[in-house]
Amino acid sequence: MQVLREAMGELNITEEPITNYYTLDKIIGSGKYGVVKKGISIVNSNFKVAIKIIDMRKLDSQFHSLVQEIITLKKVDHPNIVSIHEMFKDNEKLYLV
């Protein structure tokens with residue numbers, strides 16, 4: 001978790017509740033560390049996104065690799081590569097929009 005705290009400035013992670021910005025809808029995928037849900041913008045209901053919800057309690061030694069991957073994805077801008085628009089965090093979860 002210390003890695004995340006150190007990287008928060010560079011990653012621009014919002015600590016406000018994600019529910020202030022998005023309505024979380026149905027699960028569209030799942031994996032070892034969490035789920036992916038459909039998200040709908042509170043401001044514009046036509047703006048739909050996928051939100052990867054990572055349970056930080058389940059992360060192990062791969063946490064540093066996850067942070068490095070996020071840093072890389074934030075820098076990439078290509079139509080054929082998934083991009084991260086914004087991130088949120090609470091005490092237990094990291095939300096990648």
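The values are calculated or read from the model by the stated rules, or taken from the named source; none is laboratory data. Everything quoted here is computed from the prediction, not taken from an experiment. Because the Cβ atoms are built from the backbone with ideal geometry, glycine has one as well, and the counts that use them run over all protein chains shown. Note: areas computed on protein heavy atoms with side chains; ligands, DNA, RNA excluded. Shrake-Rupley method; radii C 1.70, N 1.55, O 1.52, S 1.80 Å.
Cβ-Cβ below 8 Å, separation at least six or inter-chain, first residue in the stretch 6-24 and on the phi > 0 side of the Ramachandran plot, second in a strand (DSSP E or B) and at pLDDT 85 or above: which pairs?
If the second residue must be in a strand (DSSP E or B) and at pLDDT 85 or above, the pairs left are 12/87.
If a residue has to be over 27 Å from residue 25 (Cβ atoms), assigned to a helix (DSSP H, G or I) and not β-branched (Val, Ile, Thr) to count, how many in the stretch 52-75 make the cut?
Qualifying residue count for the region: 5.
In the stretch 44-82, how many residues are farther than 20 Å from residue 32 by Cβ, of a type in the set (Gly, Ala, Ser) and surrounded by 12 or more Cβ atoms within 10 Å (Cβ to Cβ)?
Number satisfying all stated conditions: 0.
On the basis of being among the acidic types (Asp, Glu), closer than 21 Å to residue 11 by Cα and without any contact (Cβ under 8 Å) to a residue 24 or more places away in the chain, does residue 90 make the cut? Lay out the reasoning, then the answer.
On the way: among the acidic types (Asp, Glu): yes; closer than 21 Å to residue 11 by Cα: yes; without any contact (Cβ under 8 Å) to a residue 24 or more places away in the chain: no.
Against the criterion (among the acidic types (Asp, Glu), closer than 21 Å to residue 11 by Cα and without any contact (Cβ under 8 Å) to a residue 24 or more places away in the chain), residue 90 does not qualify.
Give the residue that is least open to solvent (accessible area, probe 1.4 Å), with candidates limited to residues of the stretch 17-43 that are more than 16 Å from residue 93 (Cβ to Cβ) and in a loop (DSSP other than H, G, I, E, B).
Within the stretch 17-43, the match that is least open to solvent (accessible area, probe 1.4 Å) is 42.
A quick yes/no check of all residues on (1) touching a strand residue (DSSP E or B) at 6+ places or on another chain (Cβ under 9 Å); (2) modelled with pLDDT under 85:
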site: 4; (1), (2): yes, yes
site: 16; (1), (2): yes, no
site: 50; (1), (2): yes, no
site: 76; (1), (2): no, yes
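Filter the stretch 85-97 for residues that are assigned to a loop (DSSP other than H, G, I, E, B) and either open to solvent by 20 Å² or more (accessible area, probe 1.4 Å) or of a type in the set (Gly, Ala, Ser) (or both) and give the result.
Within the stretch 85-97, 85, 86, 90, 91, 92 meet the criteria.
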